[in-house]
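Below is one structure, written out as structure tokens; the observations come after it.
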Amino acid sequence: MVHLDGNTLDSLWDFSDPTTSEIRFREALCSLSSSSPAADELRTQIARALGLQGQFAEGHTVLDGISSTDAVVRQRIALERGRLFNSAGDPTAARGYFLEARQLAADPFLTVDALHMLAIVEPELDTWYTEGIAIVAESSDPRVQRWEGSLRNNQAWNLADAGREEDALAAFRDAEMWFGEHGTSEQLRIARWSVAHMLRRCGHTDEARAILEELCDQGDADRYVDEELALLAGE
């Protein structure tokens, strides 16, 4: 194994339980040559898991211990170093590492991840999403293609937060279309709620109400749907 298989990595991650994820990474590390790029990639994920536990100094120490010159490993180090700084409340320091990960461009999945993180630390710049979606559009890798829904959804919320509500509505509709074709039923439900939310904010109340009432008929009680309907009732 030269590099870590992305699907294998996905199977080890549980982002709701970074402690268990860290244990899995350390166990998987025991089965690899300690000097292999795949082992170093696992170490970057240990650092990420530590960061999600709030152990930022420990995460940096793990990254400091990786000396590989492999391009994919270096891209992962830059990406996880940036995440550690961002999670610790220093987006300015994080930005430089995300830019480095973008510029290394050794792996398209990681490059889109870096662009996604740049959009988080610089939400006023819509260009990061545009660049990420362009990479996704050119890729035949299903893991890279899965980024599109998240990119479009995050772009829509950034536009909404910037007060560009009609642009946000268009972006939410694009995200809804993507999740309708590629996402889970829950992802599609959230995407449709997001469209309804923005329709209400744009003053398209009848269309918003129709979507929300349909969501009510389709599933269990949902306080977010109920809250939107209550807001519509008060208008």
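The values are calculated or read from the model by the stated rules, or taken from the named source; none is laboratory data. Given the structure is predicted, the values throughout are model-derived calculations rather than measurements. Positions of Cβ are backbone-derived with ideal geometry, glycine not excepted, and every protein chain shown enters the neighbour counts.
Laid out as a table, the results:
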read-out	value
Qualifying residue in the stretch 68-75 (condition: within 16 Å of the chain's Cα centre (by Cα) and either modelled with pLDDT under 95 or loosely packed, with under 15 Cβ neighbours inside 10 Å (or both))	no
Cβ-Cβ under 7 Å pairs, at least 6 apart or on other chains, the stretch 132-146 side surrounded by 13 or more Cβ atoms within 10 Å (Cβ to Cβ), far side not in a helix (DSSP H, G or I)	Gln145/Ser139
Subset of the stretch 176-200 [loosely packed, with under 15 Cβ neighbours inside 10 Å, polar (S, T, N, Q) and part of a helix (DSSP H, G or I)]	Ser185
Filter result for Ala39 (more than 23 Å from Ile120 (Cβ to Cβ) and either surrounded by 17 or more Cβ atoms within 10 Å (Cβ to Cβ) or not polar (S, T, N, Q) (or both))	yes
Pairs with Cβ under 6 Å, 6+ apart, first in the stretch 190-211 and farther than 15 Å from Phe179 by Cα and touching a residue at least 40 places away in the same chain (Cβ under 8 Å), second in a helix (DSSP H, G or I) and of a type outside the set (Gly, Ala, Ser)	Met198/Leu169; Met198/Phe172; Arg201/Glu165
Helices (runs of 4 or more DSSP H) wholly inside the stretch 1-112 that include at least 2 residues being more than 26 Å from Ser139 (Cα to Cα) and in contact with a helix residue (DSSP H, G or I) (Cβ under 7 Å, 6 or more places away or on another chain)	18-29, 37-52, 56-64, 71-87, 91-104
Matching residues, the stretch 137-171, being more than 16 Å from the chain's Cα centre (by Cα) and not in a loop (DSSP other than H, G, I, E, B)	Ala137, Glu138, Leu159, Ala160, Asp161, Glu165, Glu166, Asp167, Ala168, Leu169, Ala170, Ala171
Filter result for the condition that a residue is surrounded by fewer than 18 Cβ atoms within 10 Å (Cβ to Cβ) and under 19 Å from the mean Cα position of the chain (by Cα), over Gly65, Gly82, Gly96	Gly96
The stretch 5-21 - residue that is modelled with pLDDT of 95 or more and within 16 Å of Arg76 (Cβ to Cβ) and, of those, surrounded by the fewest Cβ atoms within 10 Å (Cβ to Cβ)	Trp13
Where a residue in the stretch 70-95 is in contact (Cβ under 8 Å) with a residue 60 or more places away in the chain and its partner, wherever it lies, is part of a loop (DSSP other than H, G, I, E, B) and of a type in the set (A, V, I, L, M), with Cβ under 7 Å and at least six apart	Val72/Ala106
